[in-house]
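One structure is given below, encoded as structure tokens.
The values are calculated or read from the model by the stated rules, or taken from the named source; none is laboratory data. In this text, all values refer to a predicted model and were calculated from it rather than measured experimentally. Cβ coordinates were reconstructed from backbone atoms using ideal geometry, including for glycine residues, and neighbour counts include every protein chain displayed. Side chains included, ligands, DNA and RNA excluded: accessible areas come from the protein's heavy atoms. Shrake-Rupley method; radii C 1.70, N 1.55, O 1.52, S 1.80 Å.
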Amino acid sequence: MTRTLSLAAAAAAALSLVAGAAVAQDFRALARQDLQAAHDELAANHPAAVVAGQASTDFRGWLDTGLRESLEMAGRAGSGDAHAYLLRYYAAGFRDSNISIYPTYEGLGPYFGTSWAGFTTGWRGGKYVVTYVKPGVRGSSVPRVGDTVVSCNATPIDEFARAKLDRWEGNLDTEAGRVSSAPYLTWNRNNPFVNGVPSVCEFQTGNRRARAINLQPVPLVAGDLEAAYRATVYTAPATPLSIETVNGRPWINVHSFADTAGWDAFESQVESQAATLRGPQGFVLDLRGAGGSGALNSAARGYGLANLIWSEAFTASRQPAAGAITYRATQGNRDWFATALGLMNADPRYAAQAPALVTQMQEIVAGFDAAIAAGQPTFQLQGRAVAADTGAPNPVQGPVVVLVDGGCSGGCLDTLDLVSKLPNVRIVGASTATDSIFIEQTTRRLPSNYAELSYGHKAWTERPRANNTAYVPAAGLTYTGDPVDETAVRAWVGTLFGG
């Protein structure tokens, strides 16, 4: 995989077919309209509807059931926030990281809330634990940092969390979803479909008997919720790409796979320090919080970084084989690829730099034409085969520790698919996110003009890593301390090198 893939993805990402904008501001009606449009688009064009396997079974099981369930709640979607939440709920119900519905305007950020009780919780060791109490808030109306939440509103905490958070704020079927959504357990995020700040919760300190606390609203001051969230969930620094020296060895920070993260300067830095990175002392590759889409450019960033460190001659034979890629043969999907091909050919520089990708796109469009003409629901094309091992030596002499957490998603997981197969590499930290075998994105503007649907338009049915599978560090390589205590994290990582 080469860096030119990012050009193809950029061309593809430019395709967003916009439906007629609705002028009415009745968000209940807009929600019904958008839900139905999203359902119809997925039913007509998503590959999960026509391929075999559990991922497809899950898709088909939610497509209509989730629509009915969501439409029943549409009467409460009386605001833009409610409209956004309800559409998110429907999309999240597919349990597919590449199906999403998001606002076309600036939506609620991770630090948003309308009220809280002065504390927040995190997901620690399979429990909801109090991680932060606002300084100055004391008395019987707040728990202590370290307390475990037992129940809220007389409901066992896992049941309460499912109702409050699952699909609305994250996927509670995954460890990463538990971690990222845990701060919102007792916040009011202006979601009319769920409980806001609970009136009473039970907390347990150590092995003591649980005690009930009547929660009282605490006035919100600017910065309160951001401080609480950052004290609970690791968040990437303002400069996501950098190299520093920690405990005498290189520490490579890759906390984003976005094109806007500053890759050109960072890659130059990696190239200039390649000799040091390959030294016997080893290095740390820190991928915490490294969010990125499943698009080609995101994966290409990670593969390009690996090639700079280990050399493409060494990594080529260790890259996962693509195997067969399945396309759903519909006119809608065919039009998407044909438009992407037209954009490629309209850019002479791109066509000159990436002729192989233009040819590949031509083959895909031809495949659509042949399958549609024959009345076939799908067709397959073979992806990249495994390259022959040329016997190139491993230039990296020392051990490599790859630090991950639940923020590692999309292209970060693609990068792990390669890096995890390289010698002397250990994956450490916490469970990553999961990702779908339905990859690369089609984006459609929904009728309200307030939201866009995005979904994977082809099925990587032969991906070596199964659908919705996370990377989970092995026993002894899992970090169990405070994930936001950077000093403690770095000290722990240092122990993994011995000495």
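The table that follows gives values for the structure above.
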{"quantity": "Members of segment 120-138 found to be within 26 Å of Thr480 (Cβ to Cβ), open to solvent by 10 Å² or more (accessible area, probe 1.4 Å) and among the β-branched types (Val, Ile, Thr), listed by number", "calculated": "Val129, Thr131, Val133"}
{"quantity": "Among (1) free of Cβ contacts under 8 Å to residues at least 24 places away in the same chain; (2) in contact with a Pro (Cβ under 8 Å, 6 or more places away or on another chain), the one test that Glu486 misses", "calculated": "(2)"}
{"quantity": "Selection count, segment 308-330, where residues are closer than 28 Å to Tyr234 by Cα and at pLDDT below 95", "calculated": "0"}
{"quantity": "Residue list for segment 179-225, restricted to those being closer than 15 Å to Val149 by Cβ and of a type in the set (Asp, Glu)", "calculated": "Glu202"}
{"quantity": "Selected residue (only one of Ile252, Ile243, Ile213 is in contact with a strand residue (DSSP E or B) (Cβ under 9 Å, 6 or more places away or on another chain) and either under 19 Å from Asn424 (Cα atoms) or of a type in the set (Gly, Ala, Ser) (or both))", "calculated": "Ile252"}
{"quantity": "Leading residue by the ranking (surrounded by the most Cβ atoms within 10 Å (Cβ to Cβ)) among those in segment 139-156 that are of a type in the set (Gly, Ala, Ser) and within 23 Å of Thr114 (Cβ to Cβ)", "calculated": "Ser141"}
{"quantity": "Residues of segment 266-297 satisfying the condition of being over 18 Å from Val402 (Cα atoms), within 25 Å of the chain's Cα centre (by Cα) and among the small types (Gly, Ala, Ser)", "calculated": "Ser293, Gly294, Ala295"}
{"quantity": "Selected residue (only one of Pro377, Pro280 is open to solvent by 20 Å² or more (accessible area, probe 1.4 Å), on the phi < 0 side of the Ramachandran plot, touching a residue at least 40 places away in the same chain (Cβ under 8 Å) and in contact with a Gly (Cβ under 6 Å, 6 or more places away or on another chain))", "calculated": "Pro280"}
{"quantity": "Test: residue in segment 398-409 that is without any contact (Cβ under 8 Å) to a residue 40 or more places away in the chain, of a type in the set (Gly, Ala, Ser), part of a loop (DSSP other than H, G, I, E, B) and more than 24 Å from Tyr234 (Cβ to Cβ)", "calculated": "no"}
{"quantity": "Elements of type strands (runs of 3 or more DSSP E) in segment 96-143, at least 2 residues being touching a residue at least 12 places away in the same chain (Cβ under 8 Å) and under 30 Å from Pro47 (Cα atoms)", "calculated": "100-103"}
{"quantity": "Answer residue from segment 182-216, given it is in contact with a Lys or Arg (Cβ under 9 Å, 6 or more places away or on another chain) and either in a helix (DSSP H, G or I) or free of Cβ contacts under 8 Å to residues at least 24 places away in the same chain (or both) and is farthest from Gly80 (Cα to Cα) among those", "calculated": "Ala182"}
{"quantity": "Residues satisfying the stated conditions in segment 331-379, i.e. over 17 Å from Gly456 (Cβ atoms), touching a Ser or Thr at 6+ places or on another chain (Cβ under 8 Å) and outside any helix (DSSP H, G or I)", "calculated": "Ala354"}
{"quantity": "Residue tally, condition among the hydrophobic types (A, V, I, L, M, F, W, C) and open to solvent by 20 Å² or more (accessible area, probe 1.4 Å), over segment 302-321", "calculated": "4"}
{"quantity": "Where a residue in segment 149-160 is over 20 Å from Gln216 (Cβ atoms) and its partner, wherever it lies, is at pLDDT 95 or above and among the hydroxyl-bearing types (Ser, Thr, Tyr), with Cβ under 9 Å and at least six apart", "calculated": "Asp158/Tyr128; Glu159/Ser151"}
{"quantity": "Filter result (in contact with a Lys or Arg (Cβ under 6 Å, 6 or more places away or on another chain) and closer than 23 Å to Arg230 by Cβ) within segment 252-302", "calculated": "Phe257"}
{"quantity": "Residues of segment 1-36 that turn out to be at pLDDT 50 or above, open to solvent by 30 Å² or more (accessible area, probe 1.4 Å) and assigned to a helix (DSSP H, G or I), as a count", "calculated": "6"}
{"quantity": "Qualifying positions in segment 439-459 - more than 10 Å from Leu87 (Cβ to Cβ) and of a type in the set (A, V, I, L, M)", "calculated": "Ile439, Ala459"}
{"quantity": "Candidate set from segment 230-265 (those that are under 18 Å from the mean Cα position of the chain (by Cα) and within 30 Å of Gly118 (Cβ to Cβ)); member that is most open to solvent (accessible area, probe 1.4 Å)", "calculated": "Pro237"}
{"quantity": "Answer from Ala176, Ala117 - the residue that is under 30 Å from Glu452 (Cβ atoms), surrounded by 15 or more Cβ atoms within 10 Å (Cβ to Cβ) and modelled with pLDDT of 95 or more", "calculated": "Ala176"}
{"quantity": "Answer from Val493, Val484 - the residue that is at pLDDT 95 or above and open to solvent by less than 20 Å² (accessible area, probe 1.4 Å)", "calculated": "Val493"}
{"quantity": "Options Glu169, Glu159: the member that is open to solvent by 20 Å² or more (accessible area, probe 1.4 Å), touching a helix residue (DSSP H, G or I) at 6+ places or on another chain (Cβ under 8 Å) and acidic (Asp, Glu)", "calculated": "Glu169"}
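Residue-by-condition table, conditions (1) more than 28 Å from the chain's Cα centre (by Cα); (2) among the β-branched types (Val, Ile, Thr); (3) crowded, with 17+ Cβ neighbours inside 10 Å:
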site	(1), (2), (3)
Gln353	yes, no, no
Ile364	no, yes, yes
Gly383	no, no, no
Val386	no, yes, no
Asp389	yes, no, no
